[in-house]
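Here the structure is laid out as structure tokens; the discussion comes afterwards.
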Amino acid sequence: MKHLFKAALNWTSNKNQQEPVSRSTKNHQIKIEGKPILNVSAAKAFKGDPELYNPEDLLLSSLVSCHMMSYLYVCSQNGIEVLEYSDNAEAALEVNPDGSGRFVEVKLKPKIIIANSDKIELALELHKKANQLCFIANSCNFPVLHEASCEVA
């Protein structure tokens with residue numbers, strides 16, 4: 001089964017604007033039908049607008065969100081009631097001398113609170129299964145690591 005996702009990108013030169021060329025020429029909009037417009041730029045390190053989302057932010061956000069949804073799914077399959085889920089993930093990006101670059105690693109740091117004290121070990125183990133199911137993690141060519149913790153309410 002295949003699903004198709006679409007996004008439209010719009011960019012305009014800033015020749016007649018007062019903003020510095022190096023910054024605003026990287027600003028653009030992404031439109032996805034039926035959803036609010038995403039205003040995007042390059043990361044601050046690459047002379048983009050630091051107040052806007054950048055592709056690196058969005059890739060990391062996709063991984064964090066997809067892993068959580070996959071994790072909640074496998075927990076429900078295993079009778080684990082998740083009460084809270086939070087994550088403070090980090091992504092490491094390396095830039096080469098020629099200007100090319102790539103993510104070399106992502107560390108997800110999920111903190112889970114569950115209802116059942118007898119399921120802590122299983123709850124921690126299920127992050128591996130969630131990673132195997134995660135559409136975004138399966139699309140990456142770098143390791144997605146997990147430093148998970150679990151507590152009981």
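The values are calculated or read from the model by the stated rules, or taken from the named source; none is laboratory data. The model shown is predicted, which means the values in this text are computed figures rather than measured ones. Backbone-built Cβ (ideal geometry, glycine too); neighbour counts: all protein chains shown. Just the protein is used for accessible areas: all its heavy atoms, side chains included, with ligands, DNA and RNA removed. Shrake-Rupley method; radii C 1.70, N 1.55, O 1.52, S 1.80 Å.
Pick from Leu93, Leu124, Leu59: which is most flexible by mean-square fluctuation in a GNM of the chain where alpha carbon atoms under 10 Å apart are linked? Its mean-square fluctuation being the largest, the pick is Leu93.
May I ask for the percentage of alpha-carbon pairs in the range 89-153 that lie more than 19 Å from each other?
Counting pairs separated by more than 19 Å, the tail of P(r) holds 44 percent.
Listed by chain and number, the lysines whose alpha-carbon sits under 17 Å from that of Lys26, ignoring those within fewer than 8 places in the same chain, are Lys15, Lys44, Lys47. Here the sum of -39500 (n - 2.57) over DSSP H runs of 4 or more residues, divided by the residues of the chain, equals -8500 deg cm²/dmol at 222 nm, to the nearest 500. A full extension of the chain between Glu125 and Glu81 corresponds to an added length of 14.4 nm, given 0.36 nm per residue minus the alpha carbon distance.
Normalising by the residue count of the range 53-108, find the relative contact order in percent from Cα pairs under 8 Å and 6+ residues apart.
Normalised by residue count, the contact order of the range 53-108 is 29 percent.
For the range 1-147, with all protein chains in place and a probe radius of 1.4 Å, 52% of the accessible heavy-atom surface sits on carbon or sulfur.
Modelled spin labels at Lys2 and Ser149, positioned 7 Å past Cα toward Cβ, are 4.4 nm from each other. When the chain is treated as a GNM with alpha-carbon contacts under 10 Å, the residue of Glu81, Glu51, Glu90 showing the greatest mean-square fluctuation is Glu51. Every Cα-Cα pair in the range 71-118 was counted, and those over 18 Å apart are 51% of them.
Considering only the Cα atoms of the chain, their convex hull presents on average a projected area of 11.9 nm².
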